[in-house]
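Colleague: One structure coming up, written as C-alpha coordinates, with questions to follow.
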Amino acid sequence: MNMKLLLIIVIGFLLAGCSGITVDKEVKVGPDDWVMSGGSAEQHHVSKFTLAPPLNLYWDYNLEGGVGASGISVADAVLFVNALQGELFSFDISTGGKIGNLKFLGKDASTTPLIIDNNVIVTYAGDKKYSLASYDLLAGKTNWRRYYGDLQTSPIMKDGSIFFGSLNGNFYKVSLSSGRLEWKFSSKGQIHSTCAVNSEIAVFGNDKGKIFGIDPASGSEKWQVETASPVHSTPLLFNGAAYIGCGDSNYYAINTADGKVLWKVNLHSKITAGSALFMQQEVIAACVDGSIYSLNILDGSIKWKASTRGAIVSAPLVSGSYVYCSSFDGFLYCLDGTSGGIVWSVELENKVKTSPVIWRDFLFTAADEIVYCFTSKNVEKKK
(Lines give C-alpha, C1' and ligand atoms only; values in the text may rest on other atoms or scores of the structure.)
Protein backbone atom coordinates (compact mmCIF):
# COMPACT_ATOMS: atom_id res chain seq x y z
CA MET A 1 0.00 0.00 0.00
CA ASN A 2 1.49 3.37 -1.05
CA MET A 3 1.85 5.47 2.09
CA LYS A 4 3.19 8.41 0.06
CA LEU A 5 -0.03 8.94 -1.80
CA LEU A 6 -0.62 12.64 -2.33
CA LEU A 7 -4.07 13.48 -1.11
CA ILE A 8 -6.20 16.51 -1.64
CA ILE A 9 -8.58 15.88 1.19
CA VAL A 10 -12.02 17.31 1.35
CA ILE A 11 -13.70 15.53 4.21
CA GLY A 12 -17.44 15.86 4.41
CA PHE A 13 -18.76 13.21 6.74
CA LEU A 14 -22.38 13.35 5.66
CA LEU A 15 -23.89 10.90 8.11
CA ALA A 16 -27.24 11.90 9.53
CA GLY A 17 -26.82 13.91 12.71
CA CYS A 18 -23.04 14.32 12.23
CA SER A 19 -20.97 17.44 11.99
CA GLY A 20 -18.65 17.76 9.05
CA ILE A 21 -14.87 17.85 8.69
CA THR A 22 -13.31 19.67 5.77
CA VAL A 23 -9.54 19.66 5.26
CA ASP A 24 -9.02 21.79 2.18
CA LYS A 25 -5.32 21.24 1.65
CA GLU A 26 -2.80 18.77 0.34
CA VAL A 27 -1.78 16.09 2.81
CA LYS A 28 1.10 13.71 2.23
CA VAL A 29 0.53 10.51 4.16
CA GLY A 30 4.07 9.24 4.55
CA PRO A 31 6.09 6.69 6.51
CA ASP A 32 6.93 9.22 9.21
CA ASP A 33 3.30 9.81 10.13
CA TRP A 34 1.74 8.27 13.24
CA VAL A 35 -1.20 6.54 11.59
CA MET A 36 -2.17 3.88 14.13
CA SER A 37 -1.89 2.89 17.77
CA GLY A 38 1.74 2.39 18.80
CA GLY A 39 3.01 3.97 15.60
CA SER A 40 3.38 0.55 13.96
CA ALA A 41 1.63 -2.82 13.83
CA GLU A 42 4.35 -4.22 16.12
CA GLN A 43 3.47 -1.56 18.74
CA HIS A 44 6.99 -0.25 19.36
CA HIS A 45 5.89 3.23 20.51
CA VAL A 46 9.03 4.76 19.03
CA SER A 47 8.89 8.14 17.30
CA LYS A 48 10.88 8.67 14.13
CA PHE A 49 11.63 12.17 15.39
CA THR A 50 13.88 13.20 18.27
CA LEU A 51 12.25 15.98 20.25
CA ALA A 52 14.58 17.39 22.91
CA PRO A 53 13.18 19.29 25.89
CA PRO A 54 12.38 21.85 27.11
CA LEU A 55 9.09 22.13 25.25
CA ASN A 56 6.75 25.10 24.99
CA LEU A 57 2.98 24.96 24.95
CA TYR A 58 1.91 25.91 21.43
CA TRP A 59 -1.85 25.45 21.64
CA ASP A 60 -4.57 23.59 23.49
CA TYR A 61 -8.20 22.79 22.82
CA ASN A 62 -11.07 21.74 25.09
CA LEU A 63 -13.04 18.90 23.50
CA GLU A 64 -15.69 18.99 26.23
CA GLY A 65 -15.24 15.23 26.44
CA GLY A 66 -12.33 13.10 27.60
CA VAL A 67 -9.67 11.27 25.59
CA GLY A 68 -8.68 7.71 26.43
CA ALA A 69 -5.26 6.15 27.01
CA SER A 70 -4.76 6.18 23.27
CA GLY A 71 -6.72 8.24 20.77
CA ILE A 72 -4.26 10.36 18.78
CA SER A 73 -2.95 9.91 15.25
CA VAL A 74 -1.21 12.32 12.86
CA ALA A 75 -1.12 12.49 9.08
CA ASP A 76 1.11 15.26 7.75
CA ALA A 77 -0.06 18.49 9.36
CA VAL A 78 -3.44 17.16 10.49
CA LEU A 79 -4.07 15.86 14.00
CA PHE A 80 -6.89 13.34 14.56
CA VAL A 81 -8.27 12.76 18.06
CA ASN A 82 -10.92 10.29 19.19
CA ALA A 83 -12.98 11.51 22.15
CA LEU A 84 -14.73 9.34 24.70
CA GLN A 85 -18.14 10.83 23.94
CA GLY A 86 -17.99 9.29 20.47
CA GLU A 87 -16.55 12.02 18.27
CA LEU A 88 -13.57 12.25 15.94
CA PHE A 89 -11.91 15.68 15.89
CA SER A 90 -9.34 17.04 13.46
CA PHE A 91 -7.00 19.99 13.95
CA ASP A 92 -4.63 22.05 11.87
CA ILE A 93 -1.35 21.52 13.70
CA SER A 94 0.13 24.82 12.56
CA THR A 95 -2.67 26.92 14.06
CA GLY A 96 -4.43 24.69 16.58
CA GLY A 97 -7.69 25.47 14.85
CA LYS A 98 -10.37 22.80 14.78
CA ILE A 99 -11.01 21.66 11.24
CA GLY A 100 -14.16 19.80 12.18
CA ASN A 101 -15.61 16.88 14.07
CA LEU A 102 -17.54 13.75 13.28
CA LYS A 103 -20.01 12.46 15.82
CA PHE A 104 -20.20 8.67 15.72
CA LEU A 105 -23.42 6.80 16.19
CA GLY A 106 -21.75 5.08 19.13
CA LYS A 107 -21.18 6.50 22.59
CA ASP A 108 -17.54 5.57 23.18
CA ALA A 109 -14.53 6.19 20.96
CA SER A 110 -11.60 5.50 23.28
CA THR A 111 -9.37 4.05 20.56
CA THR A 112 -6.82 5.38 18.06
CA PRO A 113 -8.05 6.34 14.57
CA LEU A 114 -6.31 4.45 11.76
CA ILE A 115 -5.26 6.75 8.90
CA ILE A 116 -4.38 4.91 5.71
CA ASP A 117 -4.26 6.37 2.21
CA ASN A 118 -7.39 8.50 1.89
CA ASN A 119 -9.36 6.68 4.58
CA VAL A 120 -9.84 6.95 8.32
CA ILE A 121 -10.97 3.78 10.08
CA VAL A 122 -12.49 3.94 13.55
CA THR A 123 -13.65 1.47 16.18
CA TYR A 124 -16.22 2.36 18.82
CA ALA A 125 -18.81 1.08 21.26
CA GLY A 126 -22.38 1.84 22.27
CA ASP A 127 -24.14 1.43 18.91
CA LYS A 128 -26.08 -1.77 18.30
CA LYS A 129 -25.79 -1.49 14.51
CA TYR A 130 -22.18 -0.49 13.84
CA SER A 131 -18.84 -0.55 15.65
CA LEU A 132 -16.27 -0.40 12.83
CA ALA A 133 -16.40 2.19 10.08
CA SER A 134 -14.30 3.41 7.16
CA TYR A 135 -14.65 6.92 5.78
CA ASP A 136 -13.26 8.14 2.47
CA LEU A 137 -11.48 11.40 3.21
CA LEU A 138 -11.17 12.33 -0.44
CA ALA A 139 -14.79 11.73 -1.43
CA GLY A 140 -16.28 12.73 1.92
CA LYS A 141 -18.44 9.63 2.26
CA THR A 142 -18.77 6.42 4.19
CA ASN A 143 -17.00 3.49 2.55
CA TRP A 144 -18.57 0.88 4.79
CA ARG A 145 -19.79 0.21 8.32
CA ARG A 146 -19.88 -3.13 10.13
CA TYR A 147 -20.85 -4.49 13.52
CA TYR A 148 -18.44 -6.73 15.40
CA GLY A 149 -19.73 -6.16 18.92
CA ASP A 150 -18.63 -3.28 21.13
CA LEU A 151 -15.01 -2.41 20.34
CA GLN A 152 -12.59 -0.88 22.83
CA THR A 153 -9.41 -1.91 21.02
CA SER A 154 -7.71 0.10 18.31
CA PRO A 155 -7.72 -1.15 14.70
CA ILE A 156 -4.29 -2.38 13.59
CA MET A 157 -3.48 -2.59 9.88
CA LYS A 158 -1.18 -5.22 8.40
CA ASP A 159 -0.86 -6.36 4.78
CA GLY A 160 -4.22 -5.03 3.62
CA SER A 161 -6.22 -6.30 6.59
CA ILE A 162 -7.38 -4.93 9.94
CA PHE A 163 -7.00 -6.78 13.26
CA PHE A 164 -8.93 -6.01 16.47
CA GLY A 165 -10.58 -7.63 19.46
CA SER A 166 -14.14 -7.23 20.74
CA LEU A 167 -15.91 -7.23 24.08
CA ASN A 168 -17.85 -10.22 22.71
CA GLY A 169 -14.64 -12.24 23.13
CA ASN A 170 -13.83 -12.60 19.43
CA PHE A 171 -10.63 -11.52 17.75
CA TYR A 172 -11.17 -10.46 14.14
CA LYS A 173 -9.32 -10.06 10.89
CA VAL A 174 -11.31 -8.10 8.31
CA SER A 175 -10.68 -6.66 4.87
CA LEU A 176 -9.32 -3.13 4.79
CA SER A 177 -11.21 -2.39 1.58
CA SER A 178 -14.63 -3.70 2.60
CA GLY A 179 -14.66 -4.46 6.33
CA ARG A 180 -15.87 -7.97 5.54
CA LEU A 181 -14.83 -10.81 7.80
CA GLU A 182 -11.77 -12.82 6.80
CA TRP A 183 -11.70 -14.91 9.97
CA LYS A 184 -12.53 -14.74 13.66
CA PHE A 185 -11.08 -16.46 16.71
CA SER A 186 -13.03 -16.96 19.95
CA SER A 187 -10.95 -16.17 23.03
CA LYS A 188 -13.89 -16.83 25.38
CA GLY A 189 -13.26 -13.62 27.29
CA GLN A 190 -13.74 -9.90 26.74
CA ILE A 191 -10.88 -8.24 24.87
CA HIS A 192 -9.60 -4.83 25.99
CA SER A 193 -6.06 -5.50 24.73
CA THR A 194 -5.12 -3.86 21.43
CA CYS A 195 -3.12 -6.40 19.45
CA ALA A 196 0.38 -6.36 18.02
CA VAL A 197 0.85 -7.99 14.60
CA ASN A 198 3.67 -8.97 12.28
CA SER A 199 3.79 -11.39 9.35
CA GLU A 200 4.16 -14.40 11.65
CA ILE A 201 1.96 -13.76 14.68
CA ALA A 202 -0.86 -11.66 16.15
CA VAL A 203 -0.72 -11.32 19.94
CA PHE A 204 -3.33 -10.01 22.38
CA GLY A 205 -4.71 -10.68 25.85
CA ASN A 206 -8.21 -11.10 27.28
CA ASP A 207 -10.06 -10.58 30.54
CA LYS A 208 -9.73 -14.26 31.44
CA GLY A 209 -6.03 -13.67 32.00
CA LYS A 210 -4.85 -15.37 28.80
CA ILE A 211 -2.35 -14.18 26.22
CA PHE A 212 -2.88 -15.61 22.74
CA GLY A 213 -0.62 -16.06 19.76
CA ILE A 214 -2.66 -16.36 16.55
CA ASP A 215 -1.60 -17.19 13.00
CA PRO A 216 -2.46 -13.95 11.13
CA ALA A 217 -3.05 -15.82 7.87
CA SER A 218 -5.45 -18.54 9.08
CA GLY A 219 -6.72 -17.34 12.46
CA SER A 220 -5.67 -20.59 14.12
CA GLU A 221 -4.28 -20.57 17.65
CA LYS A 222 -0.54 -21.15 17.86
CA TRP A 223 -0.25 -20.91 21.63
CA GLN A 224 -1.64 -19.35 24.78
CA VAL A 225 -0.11 -18.27 28.07
CA GLU A 226 -2.17 -18.19 31.26
CA THR A 227 -1.75 -15.40 33.79
CA ALA A 228 -3.52 -14.78 37.09
CA SER A 229 -5.43 -11.59 36.18
CA PRO A 230 -7.08 -9.83 33.23
CA VAL A 231 -4.75 -8.67 30.46
CA HIS A 232 -5.66 -5.20 29.19
CA SER A 233 -2.26 -4.01 27.98
CA THR A 234 -0.93 -3.98 24.43
CA PRO A 235 1.94 -6.35 23.59
CA LEU A 236 5.11 -5.30 21.81
CA LEU A 237 6.68 -7.55 19.17
CA PHE A 238 10.43 -7.51 18.57
CA ASN A 239 13.01 -10.02 17.38
CA GLY A 240 10.91 -13.17 17.86
CA ALA A 241 9.42 -12.25 21.22
CA ALA A 242 6.27 -10.63 22.60
CA TYR A 243 6.67 -8.30 25.57
CA ILE A 244 3.61 -7.57 27.68
CA GLY A 245 2.69 -6.43 31.16
CA CYS A 246 -0.34 -7.89 32.91
CA GLY A 247 -2.84 -7.36 35.69
CA ASP A 248 -1.01 -9.89 37.87
CA SER A 249 1.88 -7.36 38.18
CA ASN A 250 4.18 -9.55 36.09
CA TYR A 251 5.90 -8.45 32.92
CA TYR A 252 6.37 -11.28 30.41
CA ALA A 253 8.66 -12.02 27.50
CA ILE A 254 7.21 -14.79 25.34
CA ASN A 255 8.79 -16.68 22.46
CA THR A 256 6.39 -16.02 19.58
CA ALA A 257 7.33 -19.27 17.82
CA ASP A 258 6.11 -21.64 20.55
CA GLY A 259 4.61 -19.53 23.38
CA LYS A 260 7.37 -20.41 25.85
CA VAL A 261 7.81 -17.79 28.57
CA LEU A 262 11.39 -16.60 28.17
CA TRP A 263 11.32 -14.63 31.38
CA LYS A 264 8.96 -12.76 33.66
CA VAL A 265 9.58 -10.16 36.32
CA ASN A 266 7.27 -8.95 39.09
CA LEU A 267 6.93 -5.16 39.02
CA HIS A 268 4.69 -5.09 42.13
CA SER A 269 1.86 -3.20 40.44
CA LYS A 270 -0.83 -3.85 37.86
CA ILE A 271 0.17 -3.03 34.28
CA THR A 272 -2.51 -1.93 31.83
CA ALA A 273 -0.45 0.14 29.39
CA GLY A 274 1.58 -0.80 26.35
CA SER A 275 5.38 -0.65 26.32
CA ALA A 276 8.04 1.18 24.33
CA LEU A 277 11.20 -0.21 22.74
CA PHE A 278 14.36 1.68 23.73
CA MET A 279 17.43 1.42 21.52
CA GLN A 280 16.42 -2.16 20.61
CA GLN A 281 17.90 -3.23 23.95
CA GLU A 282 15.28 -2.46 26.58
CA VAL A 283 11.52 -2.25 26.97
CA ILE A 284 10.04 0.66 28.91
CA ALA A 285 7.09 -0.48 31.03
CA ALA A 286 4.72 1.74 33.04
CA CYS A 287 2.60 0.65 36.00
CA VAL A 288 -0.63 1.72 37.65
CA ASP A 289 1.28 2.68 40.82
CA GLY A 290 3.08 5.40 38.81
CA SER A 291 6.37 3.54 38.37
CA ILE A 292 8.29 3.33 35.09
CA TYR A 293 10.84 0.60 34.47
CA SER A 294 13.54 -0.03 31.90
CA LEU A 295 13.92 -3.80 31.44
CA ASN A 296 16.64 -5.65 29.56
CA ILE A 297 14.96 -7.48 26.67
CA LEU A 298 17.21 -10.53 27.10
CA ASP A 299 16.56 -11.39 30.75
CA GLY A 300 14.13 -8.83 32.23
CA SER A 301 16.72 -7.36 34.58
CA ILE A 302 15.84 -3.85 35.75
CA LYS A 303 18.18 -1.18 34.44
CA TRP A 304 16.40 1.70 36.15
CA LYS A 305 13.15 2.68 37.85
CA ALA A 306 11.49 6.10 37.89
CA SER A 307 8.45 7.19 39.88
CA THR A 308 5.55 9.58 39.43
CA ARG A 309 2.86 10.49 41.95
CA GLY A 310 -0.06 9.15 39.95
CA ALA A 311 -1.24 6.13 38.01
CA ILE A 312 0.08 5.54 34.50
CA VAL A 313 -2.41 3.87 32.16
CA SER A 314 -0.94 4.79 28.77
CA ALA A 315 2.16 3.69 26.89
CA PRO A 316 5.42 5.63 27.16
CA LEU A 317 6.91 7.08 23.99
CA VAL A 318 10.58 6.85 22.99
CA SER A 319 12.05 9.80 21.10
CA GLY A 320 15.76 9.37 20.48
CA SER A 321 17.36 8.98 23.92
CA TYR A 322 14.29 10.42 25.68
CA VAL A 323 11.23 8.72 27.14
CA TYR A 324 8.00 10.73 27.40
CA CYS A 325 5.16 9.53 29.61
CA SER A 326 1.85 10.75 31.02
CA SER A 327 0.70 10.41 34.64
CA PHE A 328 -2.47 10.84 36.65
CA ASP A 329 -0.52 13.23 38.89
CA GLY A 330 -1.19 15.84 36.20
CA PHE A 331 2.31 15.93 34.76
CA LEU A 332 3.80 15.11 31.39
CA TYR A 333 7.33 13.79 31.97
CA CYS A 334 10.45 13.49 29.87
CA LEU A 335 13.01 11.01 31.19
CA ASP A 336 16.58 10.26 30.26
CA GLY A 337 16.22 6.87 28.62
CA THR A 338 19.66 5.72 29.76
CA SER A 339 19.28 6.58 33.46
CA GLY A 340 15.60 7.19 34.16
CA GLY A 341 16.27 10.67 35.52
CA ILE A 342 13.64 13.35 34.98
CA VAL A 343 14.94 15.76 32.35
CA TRP A 344 11.83 17.92 32.05
CA SER A 345 8.22 17.94 33.17
CA VAL A 346 5.18 20.16 32.86
CA GLU A 347 2.03 20.27 34.96
CA LEU A 348 -1.25 20.29 33.06
CA GLU A 349 -4.77 21.09 34.22
CA ASN A 350 -6.06 17.55 34.73
CA LYS A 351 -4.96 13.93 34.98
CA VAL A 352 -2.74 13.12 32.01
CA LYS A 353 -3.80 9.68 30.80
CA THR A 354 -3.24 9.81 27.04
CA SER A 355 -0.10 8.38 25.48
CA PRO A 356 2.00 11.17 23.91
CA VAL A 357 2.62 11.26 20.17
CA ILE A 358 5.42 13.15 18.42
CA TRP A 359 5.32 14.44 14.86
CA ARG A 360 8.28 16.51 13.67
CA ASP A 361 8.70 19.42 16.14
CA PHE A 362 5.44 18.80 17.97
CA LEU A 363 4.27 16.62 20.84
CA PHE A 364 0.59 15.89 21.46
CA THR A 365 -1.18 14.52 24.50
CA ALA A 366 -4.45 15.01 26.36
CA ALA A 367 -5.42 15.60 29.96
CA ASP A 368 -9.04 14.52 30.29
CA GLU A 369 -10.92 16.76 27.83
CA ILE A 370 -8.05 19.10 26.87
CA VAL A 371 -5.76 18.32 23.92
CA TYR A 372 -2.27 19.85 24.16
CA CYS A 373 0.29 20.62 21.50
CA PHE A 374 3.87 21.29 22.64
CA THR A 375 6.82 22.27 20.50
CA SER A 376 10.57 22.64 20.83
CA LYS A 377 10.34 25.92 18.96
CA ASN A 378 10.53 29.25 20.77
CA VAL A 379 7.00 30.42 19.99
CA GLU A 380 4.16 32.15 21.76
CA LYS A 381 1.08 30.14 22.64
CA LYS A 382 -1.71 30.35 20.08
CA LYS A 383 -4.93 31.88 21.34
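Colleague: Residues of the stretch 162-198 being closer than 13 Å to LEU151 by Cα and touching a helix residue (DSSP H, G or I) at 6+ places or on another chain (Cβ under 8 Å), which ones?
Modeller: If the condition is that a residue be closer than 13 Å to LEU151 by Cα and touching a helix residue (DSSP H, G or I) at 6+ places or on another chain (Cβ under 8 Å), then THR194 is the only one that fits.
Colleague: Kindly provide the set of residues from the stretch 151-179 that are within 21 Å of ASN206 (Cβ to Cβ) and in a strand (DSSP E or B), ordered by number.
Modeller: Matches in the stretch 151-179: ILE156, LYS158, SER161, ILE162, PHE163, PHE164, GLY165, ASN170, PHE171, TYR172, LYS173, VAL174.
Colleague: Residues to consider are ALA285, ALA253, ALA242; find the one that is under 20 Å from LEU335 (Cα atoms) and assigned to a strand (DSSP E or B).
Modeller: ALA285 is the lone residue from the list that is under 20 Å from LEU335 (Cα atoms) and assigned to a strand (DSSP E or B).
Colleague: Looking for whichever is at pLDDT below 95, within 23 Å of VAL313 (Cα to Cα) and of a type outside the set (Ser, Thr, Tyr) here; the options are LEU51, LEU138, LEU88. Which one fits?
Modeller: LEU88
Colleague: Could you tell me whether ALA315 is part of a loop (DSSP other than H, G, I, E, B) and either out of contact with any strand residue (DSSP E or B) (no Cβ under 9 Å at 6 or more places or on another chain) or closer than 30 Å to PRO31 by Cβ (or both)?
Modeller: yes
Colleague: Of the residues GLY337, GLY341, only one is surrounded by fewer than 18 Cβ atoms within 10 Å (Cβ to Cβ) and in contact (Cβ under 8 Å) with a residue 24 or more places away in the chain; which?
Modeller: Checking each option against the conditions leaves just GLY341.
Colleague: Pull up the stretch 231-250, narrow it to residues that are closer than 26 Å to LYS158 by Cα and surrounded by fewer than 24 Cβ atoms within 10 Å (Cβ to Cβ), then point me to the one that is nearest to the chain's Cα centre (by Cα).
Modeller: The residue in question is PHE238.
Colleague: Out of the stretch 180-192, which residues are polar (S, T, N, Q) and either under 20 Å from the mean Cα position of the chain (by Cα) or not in a loop (DSSP other than H, G, I, E, B) (or both)?
Modeller: Correct list: SER186, GLN190.
Colleague: If I ask for residues that are without any contact (Cβ under 8 Å) to a residue 60 or more places away in the chain and either buried (at least 22 other Cβ atoms within 10 Å of the Cβ) or part of a strand (DSSP E or B) (or both), which ones from the stretch 49-77 would you list?
Modeller: Of everything in the stretch 49-77, just one residue is without any contact (Cβ under 8 Å) to a residue 60 or more places away in the chain and either buried (at least 22 other Cβ atoms within 10 Å of the Cβ) or part of a strand (DSSP E or B) (or both), namely ALA75.
Colleague: Could you grab me the full set of residues in the stretch 354-383 that are over 20 Å from ASP92 (Cβ atoms), in a loop (DSSP other than H, G, I, E, B) and out of contact with any Ser or Thr (no Cβ under 6 Å at 6 or more places or on another chain)?
Modeller: Once the filter is applied, which keeps residues that are over 20 Å from ASP92 (Cβ atoms), in a loop (DSSP other than H, G, I, E, B) and out of contact with any Ser or Thr (no Cβ under 6 Å at 6 or more places or on another chain), the stretch 354-383 yields ASP368, ASN378.
The values are calculated or read from the model by the stated rules, or taken from the named source; none is laboratory data. Small disclaimer: the values here were computed from a predicted structure and weren't measured. Here Cβ is always computed from backbone atoms with ideal geometry, including for glycine, and neighbour counts include all displayed protein chains.
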